[in-house]
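The values are calculated or read from the model by the stated rules, or taken from the named source; none is laboratory data. Please read all numbers here as calculations on a predicted model, not as lab measurements. Note that we place each Cβ from the backbone using ideal geometry, even for glycine, and neighbour counts take in every protein chain shown.
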Amino acid sequence: MYVDPPSDAERRNLNGRPRREVQQDLAAALKQAQQSFPGAQIHLASFSLVAPLLDIAADLDGFARIVVASSALRNSRTSDWRTLRKPVLMLHAPSAQCDGAPFLEAQTVAQRNRFTFVQVGYEQQDDKEDCGRASQHALAGREAVLAKSVADWLAGQEPAPIIGYANPSIAWREEVISYQVPGTFRTVQLEATLFLPEIRRFGAGPYPVTVFNHGDIEINPYKSRVRDMVVAREFLQSGIAVLMPARRGVGMSEGTYPKSFSHEDGDATYKARVQSEDVLPALAWLKTRPELDTNRIILSGQSAGGYLTMYIASQNPAGLIGAIDFSGGRNDLTKTNSSHGYLNRMMVSGFTEFGRTTRVPTFWVFAENDSRYTSNTIRACHEGFQLAGGKARLLLQPPIEGDGHYIYHKPELWRAVLREYLSEIGVPYGK
């Protein structure tokens, strides 16, 4: 029995509707099913957007078991469903590339909440980067074995841990790691996500590695992992490992995210220097992994993460061969910086100082309609960096659709130049 959203849902998905409203709708559907099929055993099932269903299932009656497939659980790392009184079966394809439903989150949530977890196996990683009906995320081509496994479980049989291909591929070899940084009173534990390239294509390593630094972000209550696959995919497909640190207060990282920076800071590099304290220990951590070539480290980052990337590059850490700045800079927060000819002198001063000591070639990606900095400021920063002795290749795109500050999520605009840059620093594409 398939239940459509009611007309008054106004096309809102389960996350966009009040919990009580969804609960009432499901209760009514269960009542209707009981009346239509008296004496039949009733189960609940959902695809992808499953968290709202699990949240309200503890308060529902009239069903026996729950089946969820391809669960999108990026915002559910702290969810506790161990009080559910009904068994839950979770099915997930580890080789699916759907960015909104990573395998690692599904596996972790299932283990913590004692759900029955079944991997739907495919021999090859999905070649699709979306979550469409023909993708492995939708479990396409596994309908028969999937139906049998679910039917057997609903009948009380223990399912096989893997169905379909017996030795499934994993879309991204990723893991959550932790490392320590100094705190005011004690050490602070931070987390990061490590991605390794495909073994079948690039071998077992050691791989060159980029450390990608996120920008200033709004802290959410879900403690979502820093996992930007739009960027990570570009490096992984070049055979480069990726480490994405979550600075303090972000994700599961301890501490409080620092925000008390002013356009009146006497030192234009101050913000980047403070934030780099959470990243420099991550560079040291790289040495603990034999799969990583710590003589070929590339720093990268976006917005505030791009600015701190350039600061760390100016310190010339061991093994660094390049630095990539995606729309990185220092907003001076003045009200006049929206005018076309405005010059953010603080940001220019910062990049000029970075240029004095940076010894590796750098690559900058910006767009002229960046909401934080004018093209006038971007060009002046590039000029100041180079005149001070730094080497920088600037890709300044004309205005793009939307906010140019987020050009890093449009790799088709910079992919070709990135690959040229990687070849220049000794990491040719696919090698």
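Some notes on this structure:
- Residue match in the stretch 353-364 (condition: in a helix (DSSP H, G or I), modelled with pLDDT of 95 or more and more than 21 Å from D265 (Cβ to Cβ)): no
Conditions tested, residue by residue: (1) over 30 Å from S349 (Cα atoms); (2) touching a residue at least 12 places away in the same chain (Cβ under 8 Å).
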{"residue": "T187", "(1), (2)": "yes, no"}
{"residue": "T193", "(1), (2)": "yes, yes"}
{"residue": "A204", "(1), (2)": "yes, yes"}
{"residue": "Y222", "(1), (2)": "yes, yes"}
{"residue": "A241", "(1), (2)": "yes, yes"}
{"residue": "P245", "(1), (2)": "no, yes"}
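- Qualifying residue in the stretch 73-80 (condition: touching a helix residue (DSSP H, G or I) at 6+ places or on another chain (Cβ under 9 Å), hydrophobic (A, V, I, L, M, F, W, C) and touching a residue at least 12 places away in the same chain (Cβ under 8 Å)): yes
- Residue within the stretch 253-273 that is hydrophobic (A, V, I, L, M, F, W, C) and farther than 25 Å from N376 by Cβ present: no
- Restricting the stretch 365-384 to residues that are touching a residue at least 40 places away in the same chain (Cβ under 8 Å) and not basic (K, R), the residue that is surrounded by the most Cβ atoms within 10 Å (Cβ to Cβ): C381
- The selection criterion, being surrounded by 18 or more Cβ atoms within 10 Å (Cβ to Cβ) and among the small types (G, A, S), holds for A51.
- Candidate set from the stretch 203-216 (those that are out of contact with any helix residue (DSSP H, G or I) (no Cβ under 9 Å at 6 or more places or on another chain) and on the phi < 0 side of the Ramachandran plot); member that is modelled with the lowest pLDDT: A204
- Residue within the stretch 196-212 that is of a type outside the set (S, T, N, Q), surrounded by fewer than 16 Cβ atoms within 10 Å (Cβ to Cβ), closer than 19 Å to L283 by Cβ and touching a strand residue (DSSP E or B) at 6+ places or on another chain (Cβ under 9 Å) present: yes
- Residue within the stretch 30-38 that is surrounded by 12 or more Cβ atoms within 10 Å (Cβ to Cβ), modelled with pLDDT of 90 or more, part of a loop (DSSP other than H, G, I, E, B) and among the hydrophobic types (A, V, I, L, M, F, W, C) present: no
- For the stretch 408-421, the set of residues classified as in a helix (DSSP H, G or I), closer than 21 Å to R372 by Cβ and over 16 Å from the mean Cα position of the chain (by Cα) consists of L413 only.
- Check on D99, in contact with a helix residue (DSSP H, G or I) (Cβ under 6 Å, 6 or more places away or on another chain) and not in a helix (DSSP H, G or I): yes
- Applying the set (1) in a loop (DSSP other than H, G, I, E, B); (2) surrounded by fewer than 16 Cβ atoms within 10 Å (Cβ to Cβ) to P94 leaves exactly one unmet item: (2).
- Every residue from the stretch 317-351 that is modelled with pLDDT of 95 or more, in a loop (DSSP other than H, G, I, E, B) and over 26 Å from the mean Cα position of the chain (by Cα): A318
- Among residues of the stretch 54-91, those that are more than 23 Å from N220 (Cβ to Cβ) and surrounded by 13 or more Cβ atoms within 10 Å (Cβ to Cβ), counted: 15
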